[in-house]
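Q: Before I ask anything, let me first share the structure, which is written out below as structure tokens.
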Amino acid sequence: MPLSHHIEAFTTFASSHLTGDPEHDYHIQLKIDHSLRVLDNARAILDGEKITGHVATLTLLAALYHDIGRFPQYSRYGTFKDMDSINHGRLGVLTLRELNLPAGLSRKDLRAVRATVALHNVKEIRPTTPAPLAGMVNVVRDADKLDIYPIVLDHLGKNSDSKPVVIHSLEDNPEAYSDAVFEAVVSQITCDYSLMRYSNDFILLITGWLFTLNFKTSIRLFAQSGLVEEAFSILPKDDKIKKLEEKIFTFMRYNNLPAS
Ligand SMILES: [Fe+2]
């Protein structure tokens with residue numbers, strides 16, 4: 001089955017959650033567009049890392065379907081916050097099972113795609129995760145982060161008309177950020193969403209994702225987007241943030257060398 005048919009199956013299911021209410025539909029459309037961009041990002045990472053063949057095809061399917069759980073989640077609970085509703089990765093797997101998607105795959109391939117959907121949003125991947133699953137998950141997680149970054153910045157930027165559901169209802173104080181979030185990011189530790197209090201915390205948290213990317217291609221795409229510069233233009237300009245900025249730009253320069 002060609003990828004275009006999978007895209008059609010995905011969009012048909014996702015669009016069935018549109019209700020005509022502009023506020024509701026805004027959030028559904030956001031996740032439809034996000035899923036399609038994550039598919040594009042996954043393709044760019046696979047190309048850059050020269051991952052081809054069957055594993056690449058399965059990874060693209062997992063990228064397309066990674067957030068399928070978002071549609072029933074939003075329709076049932078009116079939020080994208082897993083803590084207040086349901087784990088959207090697990091709901092995604094249940095949804096794929098119910099719908100018998102992706103169609104036309106062997107049992108083994110179905111298991112791999114669904115496992116990738118289940119693991120795309122866990123805090124950390126277990127080092128014992130076997131290949132090729134680990135590789136598939138790593139591509140989808142990077143592709144996802146590459147797209148969430150501009151969405152969050154867009155909603156937290158200076159002139160944004162921010163939607164509380166998208167930014168998890170954080171306090172908008174342009175000068176404030178939490179020490180706990182800053183420390184996690186500067187120490188390159190995965191930061192927990194529950195530590196966030198201010199909108200700047202979200203910017204710090206997603207900027208810290210740079211250190212957690214799995215592939216050089218992903219770091220290069222992140223660096224080339226120009227969004228890190230935008231993030232630091234929003235954050236307050238004290239000494240701690242300036243040091244972090246230096247660290248992040250050094251990291252990007254170091255990892256952005258052309259492959260030799
Ligand atoms: Fe997700």
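The values are calculated or read from the model by the stated rules, or taken from the named source; none is laboratory data. Keep in mind it's a predicted model, so treat the numbers as computed, not measured. In this analysis, Cβ positions are derived from the backbone assuming ideal geometry, glycine residues included, and neighbour counts consider all displayed protein chains. Just the protein is used for accessible areas: all its heavy atoms, side chains included, with ligands, DNA and RNA removed. Shrake-Rupley method; radii C 1.70, N 1.55, O 1.52, S 1.80 Å.
Q: May I ask you to list the residues in segment 165-201 that are assigned to a helix (DSSP H, G or I), touching a residue at least 40 places away in the same chain (Cβ under 8 Å) and surrounded by fewer than 16 Cβ atoms within 10 Å (Cβ to Cβ)?
A: Within segment 165-201, Y193, S194 qualify.
Q: Still on this structure, please answer the following. Can you tell me which residues in segment 76-104 are under 29 Å from M1 (Cα atoms) and open to solvent by 40 Å² or more (accessible area, probe 1.4 Å)?
A: Going through segment 76-104, the residues under 29 Å from M1 (Cα atoms) turn out to be 88-104.
Those that are under 29 Å from M1 (Cα atoms) and open to solvent by 40 Å² or more (accessible area, probe 1.4 Å): R90, L94, R97, E98, L99, N100, G104.
Residue by residue, here is whether (1) outside the structural domain of L213 (by TED's automatic domain parsing); (2) of a type in the set (F, W, Y); (3) within 16 Å of the ligand (Cβ to nearest atom) holds:
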residue	(1), (2), (3)
L30	yes, no, yes
H34	yes, no, yes
R37	yes, no, yes
T59	yes, no, yes
A62	yes, no, yes
Y65	yes, yes, yes
I68	yes, no, yes
H88	yes, no, yes
S106	yes, no, no
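Q: Identify all residues within segment 70-86 that are of a type in the set (D, E) and within 12 Å of the ligand (Cβ to nearest atom); write none if there are none.
A: We begin by selecting, within segment 70-86, every residue of a type in the set (D, E); these are 82, 84.
Passing the criteria: only D82.
Q: Is segment 42-57 home to any residue that is within 16 Å of the ligand (Cβ to nearest atom) and either open to solvent by 10 Å² or more (accessible area, probe 1.4 Å) or aliphatic (A, V, I, L, M) (or both)? Break it down stepwise before answering.
A: As a first pass, look at segment 42-57 and keep what is within 16 Å of the ligand (Cβ to nearest atom): 42.
Subset that is either open to solvent by 10 Å² or more (accessible area, probe 1.4 Å) or aliphatic (A, V, I, L, M) (or both): 42.
So far as segment 42-57 goes, yes, one or more of its residues are within 16 Å of the ligand (Cβ to nearest atom) and either open to solvent by 10 Å² or more (accessible area, probe 1.4 Å) or aliphatic (A, V, I, L, M) (or both).
Q: Which residue pairs have Cβ atoms closer than 7 Å, lie 6 or more positions apart in sequence or on different chains, and pair a first residue in segment 223-241 that is charged (D, E, K, R) with a second residue that is open to solvent by less than 30 Å² (accessible area, probe 1.4 Å)?
A: These pairs meet every condition: E230/L153; K240/F182.
Q: Considering only residues that are within 15 Å of the ligand (Cβ to nearest atom) and buried (at least 18 other Cβ atoms within 10 Å of the Cβ), which ones fall in segment 116-135?
A: Selection gives T116, V117, A118, L119, H120, N121.
Q: Taking segment 202-260, which residues are of a type in the set (A, V, I, L, M) and in a loop (DSSP other than H, G, I, E, B)?
A: Correct list: L213, L235, L257, A259.
Q: Right, another one. Working carefully through the options L58, L96, find the one that is more than 19 Å from A14 (Cβ to Cβ) and at pLDDT 95 or above.
A: Numbers: L96 fails: more than 19 Å from A14 (Cβ to Cβ).
It is L58.
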